[in-house]
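Working notes, beginning with the structure itself.
No lab work stands behind these numbers, since they all come straight from the coordinates. The shown structure was predicted, so the numbers you read here are calculated from the model rather than taken from an experiment. Note: ideal-geometry Cβ built from the backbone for every residue, glycine included; neighbour counts use all protein chains shown.
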Amino acid sequence: MHFHHNESKLVLFFLCAVIAEFVLVWVVVTKYMAGSLDLPGMCIAAAIFVVLLAGIVRPVGLLIDRRPVVELRKEGLLARDIAAQLIPWRDIEAVRVMYVRRQAFVELRLSPDAEKTLPFTGLTRFNRVANRIIGCRGIGISTIFLPISAEDLVKLIREHMASQQVTNPHQ
C-alpha cells in the first residue's frame, strides 16, 4: 500500500506562496519608493522572502517526484520525507497521532538503534530538535499533503505491524 502527495493541495499551497511573495515584494517596493523602509525592515522582509521562496520551491520538487511518499510494505515502512531507507516494523516502538495547533501528524517512536543508524533527511534532523520543544519524542510524518488523514495512517501502520506480528507495549 502506498500514498502519493495530493497534487491539488500542493498546487494550492504553491499558488498561495506565489501570491504572498508578490504581496511582500509590492509592499517592500512601495515602502522603499516612499523612503520609509529602514534596515531592520529590509532584513525582516528578506527573511520572509526566503521562507516564502521555500514555500514555492518545495511543492514544485514534490510535484516533480512521482514516487510514493509513504509505502507500507511487508518488510516495513518507507516514508521518503523521513529517510530514503525502509524502517523495519520491529524498529517502530510506538505510533500515535499528535496534534499541534489543530494540525495532526503521525509520530513514530523508533528504537535507539534505528535512531542512530537511519539516514534521516536534513529536514527530519532539523525537525527532530524543533519537535522535542513541542513534546514530540519521535519522528513526525506530516499528512498535510497526503490523501489520507493522520488517524487513518496510524491505523494502517498498526494493522501492518500486527500482521507482521510486531508487538510493542508502548502502543
By how many degrees, between 0 and 90 and to the nearest 10, does the Cα long axis of helix 122-133 differ from the longest principal axis of the chain? 90 degrees
Sorted by Cβ neighbour density within 10 Å, fewest at the top, the residues His4, His160: His4, His160
Straight-line reach from Lys116: which lysines have a Cα under 24 Å away, not including same-chain ones fewer than 8 places off? Lys74
Under a point-charge model restricted to the Cβ atoms of Lys and Arg (+1) and Asp and Glu (-1), what is the dipole moment magnitude of the stretch 27-171 relative to its Cα centre, in debye to the nearest 20? 80 debye
Measure nothing fancy, just the Cα-based angle from helix 150-163's long axis to the longest principal axis of the chain, in degrees from 0 to 90, nearest 10. 20 degrees
Between Lys116 and Leu63, what is the label-to-label distance in nm when each label sits 7 Å out along the Cα-to-Cβ direction? 4.3 nm
Antiparallel DSSP beta bridges within the chain, as percent of all bridges there, nearest 5: 100 percent
Neighbouring Cβ atoms within 10 Å as the yardstick, rank Arg101, Arg137 fewest first. Arg101, Arg137
Rounded to whole Hz and in sequence order, give me ³J(HN,Hα) for the stretch 5-10 from the Karplus expression 6.51 cos²θ - 1.76 cosθ + 1.60, θ = phi - 60°, writing x for Gly and Pro. 5, 7, 5, 5, 5, 5
Per-residue ³J(HN,Hα) for the stretch 14-29, Karplus 6.51 cos²θ - 1.76 cosθ + 1.60, θ = phi - 60°, Hz, x for Gly and Pro: 4, 4, 4, 5, 5, 4, 4, 4, 5, 4, 4, 4, 4, 5, 5, 4
Residues whose placed amide H lies under 5 Å from that of His4, excluding near-sequence neighbours: Val69
Under a GNM of the chain (C-alpha, springs under 10 Å), which listed residue has the highest mean-square fluctuation: Asp38, Asp65, Asp113? Asp38
Ranked by GNM mean-square fluctuation in the chain (Cα springs under 10 Å), the top entry among Ser142, Ser111, Ser36 is Ser36
Sort Tyr99, Tyr32 by Cβ crowding within 10 Å, fewest neighbours at the top. Tyr99, Tyr32
Residue-wise, which Karplus ³J(HN,Hα) couplings in Hz belong to the stretch 135-149, taking 6.51 cos²θ - 1.76 cosθ + 1.60, θ = phi - 60°, and x for glycine or proline? x, 8, 8, x, 9, x, 10, 6, 10, 4, 9, 9, x, 9, 6
Nearest 10, in degrees from 0 to 90: the angle of helix 39-64 to the longest Cα principal axis of the chain is 40 degrees
